[in-house]
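Contents: one structure, followed by commentary.
The values are calculated or read from the model by the stated rules, or taken from the named source; none is laboratory data. This is a predicted model, so every value here is computed, not measured. Heads up, the Cβs are rebuilt from the backbone with ideal geometry, glycines too, and the neighbour counts pull from every protein chain shown. Heads up: the accessible areas ignore ligands, DNA and RNA and are worked out on the full protein's heavy atoms, side chains in. Shrake-Rupley method; radii C 1.70, N 1.55, O 1.52, S 1.80 Å.
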Amino acid sequence: MKPTPDAAEARRTPRLPAPAPLGVVIARVSPAVDAGRFPVKRIVGEPLQVSADIIGDGPNRVAARLSYRSRAARAEWQDVVMRETDDDRWTAVFTPLTLGSYEFTVTAWIDRFATWRHALTERATAGRVDDRDLADGALCIRRLMLDAAPGTAAWLDAQAQRLEGAAPIDVRIAAALDETLQRRLADVRSPDGIARSGAFEVVVERQRARFGAWYEMFPRSAGTDPTRSATFEEAAARLPDIAGMGFDVLYLPPIHPIGLTDRKGRHGRRPARAEDPGSPWAVGSAEGGHFDIEPGLGTLEDFDRFVARAREVGLEVALDLAVHCSPDHPYVREHPEWFPRHADGSLRHAENPPKQYADIRPLLLDGPHWQSLYDETRRIVEFWIGHGVTIFRADNPHTKPFAFWEWLLTGVRRDHPDVVFLSEAFTRPTIMRHLAKLGFSQSYTYFMWRTTKRELVSYFEELTRPDVQEYFRPNLFVNTPDVLPAGLQTGAREAFEARLILAATLGATYGLYSGFELCEHEAVPGTEDYLHSEKFECRTRNWKRPGHIKGLVATLNEIRRAHPALQGDRGLRFHDTDDDHILCYSKRSPDGTDLVVVAVSLDPTRPHSAAVELPIEEWGGPAGRVRARDLLGDADTVWSDRRLALALGPGHHVARIWHVAPAGGHLDRSGRKVLQ
């Protein structure tokens, strides 16, 4: 009988070689960003829990370990035994203790002894164990002895002899199932069916990358004469006031020489008048470029003294990284090949649609001379690091190539792991998240435009998703020189207080632009632009004028420093209220020891009352009662009912902040529980 065409074809088709049986599968390793393409982020001393699905062929039991090491130190691999916590889900924890890059991997193998032990347990339950079963266990132990240290091998040999001995069978079964034997064997690596995951990276940064309060100021507006730029010496006089409000970071817009060509005047109008100082973001003039200081501010030595004085009062200086130039920048003359041009040869204007910047020229970072531009930008960053700057805010990073940022951030962080980068990108969410994956420590958010209860809950549930939290750290600015949110333009003090409290408690990092604490609210009609924008003129202010909220700022920053729950973005939970004008949420520290509850009125114009549903039983333990300290007042109350009645708004409190702990002790004035 002739073979069918299909059968004949099958015989002619070469058979693929069968893979060697591994016996173990490792899947769904977490945390991982895009399957390990990008690193996850942690802070020094912050535990990292690694999990993976691990399964073995057929009835085989498996064992696994987590291995990790610091890349910078080229340290030896450290091993942690993984434990099964759920069906086939294995976990282990390690804590990075130094800055820089770490890597971890998961290794798993068939655990011959555990497989035998599991079968023995089932046979013992059925009363079907015989000498042959125990001899098989002894043989398994002796095979594993080959990988054990001499002392352990001798001890294991003695255990194998116990299984083969003449003792009653129930005694030998008990010896086989002894937990000490299982633990000692768990430390012995088995070569059977071994499988390894890929290596995953962890970028470990200092606490300031995750937690801090930022204050943005134009040093040229720190004087008393609005007709000229203040100097760094004059600006230094403001440092104690800023530090007194509890800020950690002082962010300065560009401090470099400002171009004259196409300079914008007051209110951003053109042409500028001779006395108009221009926008600091138009970097570069006859006086120099990115390595130089705007003459009105002083000299490089003056800047060094300013940075030193900021440190003395506990402030860290952050500097704007503007990767573009004015038409007068020395680069235009020295490196014309670095700039994109129109067909007629003229330089293109910078754009961030729908905005156009006539006084700024972009750099051709994706052109044929990209490498020299990359190197020059790295040189700029290194220069300012050398002058005490360890935090950079990147201006409009989404208008630059992704490859540029990944190259720059990776290289700088390798040599300077303490440097923090903030991404100022108000663009599509996917792009903002991708920039965070590329290495930015923090990112601006849409917080300024999220005002209703539904918007805030939805947005922060998005930001605090477990997968997003692995790489995206929000910095909640309440305003910027570019944005005076519509909700603040009424000038209502309560509106400023509510937005401040939301930012300071919803996010571990937040910021405000100077003037917010004075409730400045004059806008160009129909826009979000400040009427007297510091981008285009020097300002003077009375920092003690009536109506300021500096006291509240200081109190909030003190509360944030006292409570670990507010120093991270994990543990945020929203609670139901029956009035959409009142938002209530809690934040809990990762170790569960600190709990803060916040309620905020979203309507500064009218009083509102609401009932809030709180999980008192969960917080209070068996007693079902909790003690709450009002951190904006001094009341110490006990909550035992799931429903909490609130009255917020004008005539009441605009917000309430409580530290909550199980009843049975009292809380000191900082809100920390003192056990009796």
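In this entry, Pro277 passes the filter for residues that are closer than 26 Å to Ala425 by Cα and assigned to a loop (DSSP other than H, G, I, E, B). Here Ala318 passes the criteria (1) open to solvent by less than 10 Å² (accessible area, probe 1.4 Å); (2) small (Gly, Ala, Ser); (3) over 24 Å from Asp241 (Cβ atoms) except the one numbered (3).
Conditions tested, residue by residue: (1) in contact with an Asp or Glu (Cβ under 8 Å, 6 or more places away or on another chain); (2) of a type in the set (Lys, Arg).
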site: Pro340; (1), (2): no, no
site: Arg361; (1), (2): no, yes
site: Ser372; (1), (2): no, no
site: Ile385; (1), (2): no, no
site: Phe392; (1), (2): yes, no
site: Val420; (1), (2): yes, no
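Taking the criterion of being surrounded by 17 or more Cβ atoms within 10 Å (Cβ to Cβ), in contact with a Phe, Trp or Tyr (Cβ under 6 Å, 6 or more places away or on another chain) and hydroxyl-bearing (Ser, Thr, Tyr), would at least one residue in the range 474-488 satisfy it? Yes - at least one qualifying residue is present in the range 474-488. Of the residues making up the range 455-489, those that are under 16 Å from Thr430 (Cα atoms), assigned to a loop (DSSP other than H, G, I, E, B) and charged (D, E, K, R) are Arg465, Glu470, Arg473.
Applying the selection to the range 636-676, what residues are loosely packed, with under 13 Cβ neighbours inside 10 Å, modelled with pLDDT under 85 and of a type in the set (A, V, I, L, M)? Residues satisfying the conditions are Val674, Leu675.
Does the range 356-378 hold any residues that are assigned to a strand (DSSP E or B) and either in contact with a helix residue (DSSP H, G or I) (Cβ under 6 Å, 6 or more places away or on another chain) or over 16 Å from His342 (Cα atoms) (or both), and which are they? Those that are assigned to a strand (DSSP E or B) and either in contact with a helix residue (DSSP H, G or I) (Cβ under 6 Å, 6 or more places away or on another chain) or over 16 Å from His342 (Cα atoms) (or both): none in the range 356-378. Screening the range 212-243 for residues that are open to solvent by less than 30 Å² (accessible area, probe 1.4 Å), out of contact with any helix residue (DSSP H, G or I) (no Cβ under 8 Å at 6 or more places or on another chain) and in a loop (DSSP other than H, G, I, E, B) and picking the one that is farthest from Glu294 (Cα to Cα) gives Arg238. The residues on offer are Asp591, Asp576, Asp603, and the sole one that is closer than 26 Å to Cys519 by Cα, without any contact (Cβ under 8 Å) to a residue 60 or more places away in the chain, out of contact with any helix residue (DSSP H, G or I) (no Cβ under 7 Å at 6 or more places or on another chain) and not aliphatic (A, V, I, L, M) is Asp603.
Test Arg117 against the stated conditions and say whether it is touching a residue at least 12 places away in the same chain (Cβ under 8 Å) and assigned to a strand (DSSP E or B).
Details: touching a residue at least 12 places away in the same chain (Cβ under 8 Å): yes; assigned to a strand (DSSP E or B): no.
For Arg117, the condition - touching a residue at least 12 places away in the same chain (Cβ under 8 Å) and assigned to a strand (DSSP E or B) - is not met.
When the criteria are applied in full, Ala138 meets the requirement of being part of a helix (DSSP H, G or I), at pLDDT 90 or above and under 20 Å from Asn60 (Cβ atoms).
Yes or no, residue by residue, for (1) at pLDDT below 95; (2) under 28 Å from the mean Cα position of the chain (by Cα):
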{"position": "Asp482", "(1), (2)": "no, yes"}
{"position": "Thr490", "(1), (2)": "yes, no"}
{"position": "Ala495", "(1), (2)": "no, yes"}
{"position": "Ile501", "(1), (2)": "no, yes"}
{"position": "Tyr510", "(1), (2)": "no, yes"}
{"position": "Ser533", "(1), (2)": "no, no"}
{"position": "Glu537", "(1), (2)": "no, no"}
{"position": "Ile549", "(1), (2)": "no, no"}
{"position": "Asn557", "(1), (2)": "no, yes"}
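Figure legend. Inter-residue proximity from the range 158-176: first residues over 20 Å from Ala148 (Cα atoms), second residues assigned to a loop (DSSP other than H, G, I, E, B), beta-carbon distance below 9 Å, spacing 6+ or different chains. Indicated pairs: Ile169/Val129; Ile169/Asp130; Asp170/Val129; Val171/Gly165; Arg172/Val129; Arg172/Gly165; Ile173/Val129. In a residue-by-residue description of the range 574-592, the property of being open to solvent by less than 20 Å² (accessible area, probe 1.4 Å), more than 18 Å from Leu502 (Cβ to Cβ) and assigned to a strand (DSSP E or B) applies to no position.
Within the range 302-317, the set of residues being touching a Leu at 6+ places or on another chain (Cβ under 7 Å) and under 30 Å from Ser372 (Cα atoms) comprises just one member, Val317. Taking the range 279-315 as the range and being within 28 Å of Leu531 (Cβ to Cβ) and either of a type in the set (A, V, I, L, M) or exposed (fewer than 13 other Cβ atoms within 10 Å of the Cβ) (or both) as the test, the residues that pass are Ala282, Val283, Leu297.
Can you find even one residue in the range 151-164 that is polar (S, T, N, Q), in contact with a Phe, Trp or Tyr (Cβ under 6 Å, 6 or more places away or on another chain), over 30 Å from Asp320 (Cβ atoms) and surrounded by 13 or more Cβ atoms within 10 Å (Cβ to Cβ)? Outline the logic, then answer.
Quick first cut of the range 151-164, residues polar (S, T, N, Q) only: 152, 159, 161.
Those still in the list that are in contact with a Phe, Trp or Tyr (Cβ under 6 Å, 6 or more places away or on another chain) too: none.
Looking through the range 151-164, none of the residues is polar (S, T, N, Q), in contact with a Phe, Trp or Tyr (Cβ under 6 Å, 6 or more places away or on another chain), over 30 Å from Asp320 (Cβ atoms) and surrounded by 13 or more Cβ atoms within 10 Å (Cβ to Cβ).
Being outside any helix (DSSP H, G or I) and more than 41 Å from the chain's Cα centre (by Cα) narrows it down to one residue among Ala160, Ala148; which is it? When all the criteria are applied, what remains is Ala148.
Looking only at residues in the range 244-272 that are among the small types (Gly, Ala, Ser) and part of a loop (DSSP other than H, G, I, E, B), which one is nearest to Ser326 (Cα to Cα)? In this case the residue turns out to be Gly259. The set of residues in the range 125-144 being of a type in the set (A, V, I, L, M, F, W, C) and open to solvent by less than 40 Å² (accessible area, probe 1.4 Å) consists of Val129, Leu134, Ala138, Cys140, Ile141, Leu144. Among what's in the range 50-71 and is of a type outside the set (D, E, K, R) and over 35 Å from the mean Cα position of the chain (by Cα), pick the residue that is surrounded by the most Cβ atoms within 10 Å (Cβ to Cβ). Taking the candidates together, the pick is Gly56.
One residue is enough: does the range 256-278 have a residue meeting the conditions open to solvent by 10 Å² or more (accessible area, probe 1.4 Å) and under 29 Å from the mean Cα position of the chain (by Cα)? Scanning the range 256-278, I find no residue that is open to solvent by 10 Å² or more (accessible area, probe 1.4 Å) and under 29 Å from the mean Cα position of the chain (by Cα), so the answer is no. Scanning the range 526-565 for residues that are touching a residue at least 60 places away in the same chain (Cβ under 8 Å) and among the polar types (S, T, N, Q) turns up Ser533, Thr540, Thr555, Asn557. None of Asp415, Asp366 is open to solvent by 40 Å² or more (accessible area, probe 1.4 Å), closer than 23 Å to Pro39 by Cβ, modelled with pLDDT of 95 or more and acidic (Asp, Glu) except Asp415.
Can you tell me which of Arg379, Arg341 is open to solvent by 60 Å² or more (accessible area, probe 1.4 Å) and under 28 Å from Asn475 (Cα atoms)? Steps first, please.
Details: Arg341 fails: under 28 Å from Asn475 (Cα atoms).
Selected residue: Arg379, the only one of Arg379, Arg341 that is open to solvent by 60 Å² or more (accessible area, probe 1.4 Å) and under 28 Å from Asn475 (Cα atoms).
Can you tell me which of Tyr357, Tyr374 is crowded, with 17+ Cβ neighbours inside 10 Å, over 30 Å from the mean Cα position of the chain (by Cα) and either under 30 Å from Gln207 (Cβ atoms) or aromatic (Phe, Trp, Tyr) (or both)? If you could, list the steps in order and put the result at the bottom.
Details: Tyr374 fails: over 30 Å from the mean Cα position of the chain (by Cα).
Only one candidate qualifies: Tyr357.
Against the list (1) touching a residue at least 60 places away in the same chain (Cβ under 8 Å); (2) within 22 Å of Ser221 (Cβ to Cβ); (3) of a type in the set (A, V, I, L, M), the condition Ala523 fails is (1).
Does Gly284 qualify as being under 34 Å from the mean Cα position of the chain (by Cα) and not polar (S, T, N, Q)? Against the criterion (under 34 Å from the mean Cα position of the chain (by Cα) and not polar (S, T, N, Q)), Gly284 qualifies.
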